[in-house]
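Student: Before I ask anything, let me first share the structure, which is written out below as structure tokens.
The values are calculated or read from the model by the stated rules, or taken from the named source; none is laboratory data. Since we're looking at a predicted model, the values are computed, not measured. Note that each Cβ is placed from the backbone with ideal geometry, even for glycine, and that neighbours are counted across all protein chains shown. The protein model used for the area step is the full one, side chains on, heavy atoms only, and it has no ligands, DNA or RNA in it. Shrake-Rupley method; radii C 1.70, N 1.55, O 1.52, S 1.80 Å.
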Amino acid sequence: MKGIRVLITRAGVVRSRYSALVAGLAVAVAVAVPSASASPATAPASTAAPAATNSVAVSVNATTGLGTVPSNGVGLNTAVYDGYMNDAAAPGLIKAAGINALRYPGGSYSDIYNWQTNVAQGGYDAPNTSFADFMGTAKAAGTHPIITANYGTGTPALAAAWVQNANVTNNYGIQYWEVGNEVYGNGTYGANWEADSHCTDASGKPIPSGSSPSQTYNCGPGVYASNLLNYISAMKAVSPSIHVCAVLTTPGFWPDNVTNATTSPQPWNQTVLKALGSKTDCVIVHYYPAPSNSTAAQMLATTTDIPGIVSTVKSQVSQYAGVNPANVPIVVTETNSTVDSNTQPAALFAADMYMAWLENGVTNVDWWDQHNGSGTPSIVNGAQDYGDFGMFSSGTNGSGVTEPPVDTPFAPYYGVQMLTKLAAPGDQMVGVTSGNTLVRTHAVRRADGSLSVLIDNEDPSNSYTANLTYNGFTPTGGPTVYTLANNGKTITSASQSSTSSVTVAPYTLTVVSIPGSGGNVATAPGAPGQPTVSNLSSSTSGATSGTATLTWPASTPGTYPVANYQVYQIGSGGSSTLVASPTATTLNLSGLTIGTAYSYDVVAVDTHGNPSLPSAPVSFTVPPPSNSSCAVHFAVGSDWPGGFSATITMTNKAATAINGWTLTFTLPTGEAVQSGWNGTWTQSGQNVSVTNAGWNGTIAANGGSVAVGFNGTDTGQYQVPAAFYINGSVCANN
């Protein structure tokens, strides 16, 4: 986890996390300590206007299966610096919330912790937090442990000995072992919060954790992958059936797709998965979706990104590792709302977020953290927020505001507990849609034939009457309605006779449990394979002359045959627009804009209307026409952290000379011109214009050329502009 953690001791001392983010990273990652700003609805309940009631259609397709609820799906992080980790109250609280997995030994501490000595090198270990102590709580709570082996300062032998102790000596049967925490935070991309003894500077000396080296040598994803193969070999030699999980960057989040010429010429995930190949059998991502300055509404909306993240990870596993992603579990070992952490928005987020991951096939999701300690307090919708990333209070004081007694549950606890009213491990998740984006829904067919529907009202001001309709399910009696009220501390229940509607108040979680029966849950079609693009071209006839052909591997039919495919264009912020519904596995695109980036994914739909999960997306940029009368060559001569130097060569392919020229192009986001030569340079936003100097205004006919250059700044990765224009005419790439 990025940001500030605190270490909780029995004496109540609050210690700083042993290392924190380096300067400058906070703007690059979507994670930080929550700010004091409250969500939009900050008025106390006593002064709030009466809530309006609106209608929303909630349609359950009980025949569309989204997979079964895993036995270890709902997890929680623990940490060896937490003196309250193994309190007597912990097992009962954990079990009552339906938490069935615990991760140990705790975030970045995993990379400095020696399980044999119970010592964290350079850190703090609270009493009674050894592996044996942890396992006592894990067993008493009936949970599945998720263990993070020490990659930063450990060895394959130390990790293998841990597997031996756990699964051979003590027969714990621990299945999931990740190697390292956020290893990409080891200085590879200029930010160094994760200990990694494999990193050395130019002289061969280890780079201390927390430093900010200008250049890192003998480090990066290739080094991690090479060492990870040794860990996999050593650990599986002890217990062959375990999953040894690789740390990946989360698609769409820093440092996804960031490169540097010295240690990471290819992105982290591509490098790691290619090196692992057939040894890839489990991958790890972390999910902190919203910056601390986000509003509650913005944070709550981020769960719509989850299907795309999962789809991209699966695509990367298939493309780079060359293995079937269906056989590679995805585990989300850290997540948190990061906004309004202890109040109702976090409860709403927790319930929706866990279900969104599980519905998309993730094996396990672990909330950060059991206890964390107070941060910056604020008032959220009339309730006190402590800025504490913990699920339980640690009783600390932040900025003059004292938390409730130790082990008091915060709002996310109750959001997770509501999931016990929705589902149990082994139940079947099924399709459900809502007619309002502020009313999020999830549905489950229970083992006894009943149906449960979760209605998450993320509107802080309005009530909704949810009008329920069912496909493939027939109610046979009145439902039980479970409710977690806004800022509620208990889950209430009531019976009602109507199975067709239920009213949900603002900022509440509601589960409607309906007895009934129905046919077997249909298996939806498998997700189509990742599309590929061919025939990508454009012409000089106009800016929107681009064409392309998408082709994708066919979906595997589920219960019913595939009827057609729905091709969606993915927009900014995760929006998508249906562009076509072909019956074949190919689609021709036209009217594309030169120099514009496009992304598409594909959904299969069967003859009963059941949709598959989306394919992994394909992205491409429409190139300029090859037959243009001019051509431009862009070359980077050198680069350094935060900058680069580039030369642009313009060639005149026409039979007449160009007398007087203006070169225009758009720099990718994050880049800027610092200084330029051989012309007059101006920049407005990302748009750059270069006008000839007095001595180079003529570009001779039939291959004459003129070169200009500039020094630029970047935020971690330089990219080539997509299209160049001379005097308004688009040029070919040379």
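Student: Is it true that Gly375 is over 22 Å from Gly83 (Cβ atoms), in a loop (DSSP other than H, G, I, E, B) and open to solvent by 10 Å² or more (accessible area, probe 1.4 Å)?
Tutor: So Gly375 does not fit the description; no.
Student: How many residues, within segment 421-456, are in contact with a helix residue (DSSP H, G or I) (Cβ under 8 Å, 6 or more places away or on another chain) and polar (S, T, N, Q)?
Tutor: Residues that pass the stated criteria total 2.
Student: Now for a different question. Among what's in segment 135-164 and is without any contact (Cβ under 8 Å) to a residue 40 or more places away in the chain and either part of a helix (DSSP H, G or I) or aliphatic (A, V, I, L, M) (or both), pick the residue that is farthest from Asn77 (Cα to Cα).
Tutor: Here the answer is Lys139.
Student: Another question, then. Inspect all residues belonging to segment 284-302 and state whether any of them is open to solvent by 10 Å² or more (accessible area, probe 1.4 Å), of a type in the set (S, T, N, Q) and under 22 Å from Asn269 (Cβ atoms).
Tutor: yes
Student: Assigned to a loop (DSSP other than H, G, I, E, B), modelled with pLDDT under 95 and more than 30 Å from Ser501 (Cα to Cα): which single residue out of Ala43, Ala49, Ala32, Ala79 fits that description?
Tutor: It is Ala32.
Student: Hey, another quick one. Evaluate segment 601-615: report whether one residue or more is open to solvent by 30 Å² or more (accessible area, probe 1.4 Å) and acidic (Asp, Glu).
Tutor: No: zero hits.
Student: Within segment 628-672, how many residues are hydroxyl-bearing (Ser, Thr, Tyr) and in a strand (DSSP E or B)? Step through it out loud before you land on a result.
Tutor: Here is the first cut: in segment 628-672, the residues hydroxyl-bearing (Ser, Thr, Tyr) are 628-629, 638, 645, 647, 649, 651, 656, 662, 664, 666, 669.
Okay, now just the ones that are also in a strand (DSSP E or B), so 638, 645, 647, 649, 651, 662, 664, 666.
Residues flagged as hydroxyl-bearing (Ser, Thr, Tyr) and in a strand (DSSP E or B) within segment 628-672 amount to 8.
Student: Do any strands (runs of 3 or more DSSP E) lying entirely in segment 491-579 carry at least 2 residues that are open to solvent by 60 Å² or more (accessible area, probe 1.4 Å) and farther than 30 Å from Thr596 by Cβ, and which ones are they?
Tutor: Values: elements: 492-495, 501-504, 508-514, 532-537, 546-551, 562-570.
Counting at least 2 such residues, we get 492-495.
Student: Could I ask something else about it? Across segment 322-351, what is the total count of residues that are assigned to a helix (DSSP H, G or I) and surrounded by fewer than 24 Cβ atoms within 10 Å (Cβ to Cβ)?
Tutor: 3
Student: Any idea which residue in segment 410-452 is least open to solvent (accessible area, probe 1.4 Å), counting only those that are more than 26 Å from the chain's Cα centre (by Cα) and of a type outside the set (S, T, N, Q)? Break it down into steps so the answer makes sense when it comes.
Tutor: Our first condition is that a residue be more than 26 Å from the chain's Cα centre (by Cα); within segment 410-452, this holds for 421, 445-452.
Within this subset, residues satisfying the condition of being of a type outside the set (S, T, N, Q) are 421, 445-449, 451.
On the way: Lys421: 69, Arg445: 25, Arg446: 58, Ala447: 100, Asp448: 121, Gly449: 18, Leu451: 0 Å².
Among residues in segment 410-452 that are more than 26 Å from the chain's Cα centre (by Cα) and of a type outside the set (S, T, N, Q), the one least open to solvent (accessible area, probe 1.4 Å) is Leu451.
Student: Mind checking which residues of segment 100-142 are under 30 Å from Gly426 (Cβ atoms) and either among the basic types (Lys, Arg) or open to solvent by 20 Å² or more (accessible area, probe 1.4 Å) (or both)?
Tutor: Asn100, Arg103, Gly136, Lys139, Ala140, Gly142
Student: For the structure I just gave you, tell me whether Ala693 is out of contact with any Lys or Arg (no Cβ under 9 Å at 6 or more places or on another chain), open to solvent by less than 50 Å² (accessible area, probe 1.4 Å), at negative phi and at pLDDT below 95.
Tutor: So Ala693 does not fit the description; no.
Student: Could I ask something else about it? I need the full set of residues from segment 75-92 which are out of contact with any strand residue (DSSP E or B) (no Cβ under 7 Å at 6 or more places or on another chain) and open to solvent by 10 Å² or more (accessible area, probe 1.4 Å), in order please.
Tutor: Asn86, Asp87, Ala88, Ala89, Pro91, Gly92
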